[in-house]
Each structure stands twice: as C-alpha cells, then as structure tokens.
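A short worksheet on the structure shown next.
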Amino acid sequence: MDKSIDDIRGEAIESLAAIVDSESLAEWRSHYLGRRGAVAVLFRQIGSIPAAERAEFGKRVNALRGELAGAFDERAALVESQRLARDLETDEIDITLPAHPRRRGGLHPSTRTHREFQTIWADMGFQVYRSREVEADDFNFSLLNLPPHHPARDMQDTFYTSDPRVLLRTHTSPGQIRAMRELGAGGSKPIRVILPGMCYRQEQVTARSEIQFTQVEGLAIGRNIRMSDLKGTIAEFARRMYQPDARVRFRASYFPFTEPSMEVDVECFLCGGKGCRVCKYSGWLEIAGSGMVHPDVLRNGGYDPAEWSGFAFGMGPERIAMLKHGIHDIRYFWGNDLRFLRQF
Ligand code: DAH
C-alpha cells in the first residue's frame, strides 16, 4: 500500500511537470484529484486497511492530496503565465497604425446662434415661446395689420398650402398674436417672450436670400412700456451679444404691426465702426426690425391699448452668423454640405 502512495505521487508529479496547456491540466486534475481520481480511490481503501495501520495510512493519503493540490496550483499558474507570454508575442498590436477617424457631430451654425440668443434673452427675463410654422393667413397677416390686398404683403412672397387660408409663416411675428392670446390671460397679464423659429418665403434663391431662414421675434407687453424700454433692451442685448461697449442706433422705418417702427443697427463688430468690407464701409450693421406694438395688434392679442403697451422686434440669426463667421452665401445654411457644416 505504501508503495502505491509513493508510486502515485511520483507518477503524478512527473506527468504534471510535462503539462503545458490548460486542457491537459484539467485532465490531470480529474485523473488524480477528481471524484473518481486516484486519491479518491486511496481514500476509499481506508476501510480495508488493518486497524493498526489505518490512521497512518489516512494521514499519508491526506498529505498526498495536499501535495498534489499545491503542485497543481503552481503548475496552473505557470501554464497561464506562459500562455500570456505566448499571446503577447503572437498577437502583437501595432500601436503606430492609424486609427479609424471618428467624426464628432457638431451644432449647426444657426442652432448655435439661436442658443446664444436664447441665453441672453433668458438672462434678461424673456421666456421662449414656440409658435407654429404652418400658420393661418389671419395670423400671419390680417391680425398683424396686413389686411388682404395690403401692399406690404408683397414684401413677403408667400408659400400657400392647397387651402389658401393656410400658409407657411413668412415671419415669426404671427407668434406675437398667439403668445398674447395664450399667455396674456385675456389681456390681463404682462408678457415677455422671444419666439425663435423657421420662416419661409417664395423668393429667388441667391447668395443673400433663401426660401427658408430663421428669425427670433421678441415681444414685451406691460402697463408702462415705452420706446425707451425698447431702446435700452436692444442696446443691452447688443452689448451682451457683440461686445461690452457695442453702440446701437435706431432708424425710423415702417412695419404695419408697429407704430412707430425702427430699424436697429449695431456698430460693426468686425472693424469697431471704422468701416470695412462687411459693413460696406458704413461702420454699422443692421440687426433688427422693431417698434412699439400697434394698438390694433394689441387689441387682436386681447389687450386694451388704452392701458397696455409693448414693444416688439425681429432679428435674423443667419445674417448675424454670416457676419460673424465671414460666410458669404446664405445657401450654405440649408444646403447640407458637410464640408460647410463640419467647420462648426
Ligand atoms: N416681421 C418682420 C419681418 O419679417 C420683422 C419685424 C420687424 C418684427 C419689426 C418685429 C418688428 O417684431 O417689430 O420682416
């Protein structure tokens, strides 16, 4: 019996030393240490050993099991580290190979300008009101003081749907009526909103005009709003948008929905007012149409013009982005040319 324990040990240690892969390791373990393995067989023999030798025999089988298990762990660790070394050698990675370029998406230049606008106006207490792009003729024109056949309708050539009362809005101004009606609580509450969004005009597409473009409309209605509020607010916007000492000027103009109406120029932020190609050597850039909300428009929004007043303005973010980034052709904005878009 003693012989057999030593034989098993010798044979096991010898065969283990020759093992170099994990499958053979697993076989070896089940052969010697498994439930039906050699060591288990020895344990099963304990009952048939003469009583005087039984304790000694058991001890030795136990020792054998411990020894084999230890030898196994050692060998397994060695086999694993050899496998790793082999893998590193054969599966060598060339870290100097060029990687697949991964393009990051970017925000559309118009979206960027809109976000800048929104942040500035939000800081000044204006909330964003989203109005519809498919609009009723009434809202786009009549309620803004542009009755049918009004000559100013010609300023905005319109895309109509198959229903002549429904059109694609030509400006964001119709949102003024919707905002007043929805937020004004029957003409009893002051409001301060900006209305950003896409507008459409049936125009010849050129470097300077597109059939689609965005606007940011602004509207403030209150009990004591005066022209000085409009001027101060727009001047503050210009300082925040362009430069801290940006100057603005107001020129008398005409819009049917405001009285009086003004166009707003900001000192050219590229040349500082000295005159350059972008400002056509005038030193000024036009940034907005604006004015005091016409009494008829206030009434159409549910307000009594004897008690309420307000100012409004409309700006074109594309124009501003064009000036800022030196973009010479407005068609780039909606042309989906990735070479253009990737620059932002
Ligand atoms: N809706 C005008 C346009 O598209 C722009 C405009 C001018 C908006 C004056 C206004 C405003 O709110 O007061 O040409």
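The values are calculated or read from the model by the stated rules, or taken from the named source; none is laboratory data. Quick caveat: nothing in here was measured; it's all calculated off a predicted structure. Virtual Cβ from ideal backbone geometry, glycine too; neighbours counted across all protein chains shown. For the accessible areas, the whole protein counts, side chains as well, though only heavy atoms, and no ligand, DNA or RNA atoms are used. Shrake-Rupley method; radii C 1.70, N 1.55, O 1.52, S 1.80 Å.
Observations on the structure shown:
- Taking region 249-344 as the region of interest, the strands (runs of 3 or more DSSP E) fully inside it that hold 1 or more residues being among the acidic types (Asp, Glu), open to solvent by 20 Å² or more (accessible area, probe 1.4 Å) and more than 16 Å from the ligand (Cβ to nearest atom) are 258-267.
- Inclusion of ALA220 among residues that are among the aliphatic types (A, V, I, L, M) and either modelled with pLDDT of 95 or more or not assigned by TED's automatic domain parsing to the domain that holds PHE313 (or both) is warranted.
- Scope region 133-179; condition of a type in the set (D, E, K, R) and either without any contact (Cβ under 8 Å) to a residue 40 or more places away in the chain or under 17 Å from GLU210 (Cα atoms) (or both); matching residues: GLU133, GLU135, ASP137, ASP138, ARG153, ASP154, ASP157, ASP163, ARG165, ARG169
- Some residue of region 110-127 being without any contact (Cβ under 8 Å) to a residue 60 or more places away in the chain and farther than 24 Å from MET241 by Cα: no
- Lone unmet requirement of (1) aliphatic (A, V, I, L, M); (2) open to solvent by 60 Å² or more (accessible area, probe 1.4 Å); (3) in contact with a Pro (Cβ under 8 Å, 6 or more places away or on another chain) for LEU88: (3)
- Scanning region 192-219 for residues that are touching an Asp or Glu at 6+ places or on another chain (Cβ under 7 Å) and aliphatic (A, V, I, L, M), we see that the one that is nearest to SER309 (Cα to Cα) is ILE194.
- Count of residues meeting criterion [in contact with a Leu (Cβ under 8 Å, 6 or more places away or on another chain) and either part of a helix (DSSP H, G or I) or among the acidic types (Asp, Glu) (or both)] in region 159-189: 6
- Every residue from region 229-248 that is part of a loop (DSSP other than H, G, I, E, B) and under 28 Å from the mean Cα position of the chain (by Cα): TYR242, GLN243
- Sole residue being assigned by TED's automatic domain parsing to the domain that holds PRO244 and more than 30 Å from GLU27 (Cβ to Cβ), chosen from THR96, THR113: THR113
- Pick from region 159-199, criterion within 11 Å of the ligand (Cβ to nearest atom) and either outside the structural domain of ALA288 (by TED's automatic domain parsing) or not hydroxyl-bearing (Ser, Thr, Tyr) (or both), ranking: surrounded by the most Cβ atoms within 10 Å (Cβ to Cβ): GLN176
- Of all residues making up region 134-158, the number that are assigned to a loop (DSSP other than H, G, I, E, B) and surrounded by 15 or more Cβ atoms within 10 Å (Cβ to Cβ): 5
- Annotation note: Cβ proximity below 9 Å between a residue of region 238-257 that is farther than 30 Å from PHE139 by Cβ and a residue that is exposed (fewer than 13 other Cβ atoms within 10 Å of the Cβ) and modelled with pLDDT under 95 (sequence gap 6+ or interchain) occurs for ARG239/ASP245.
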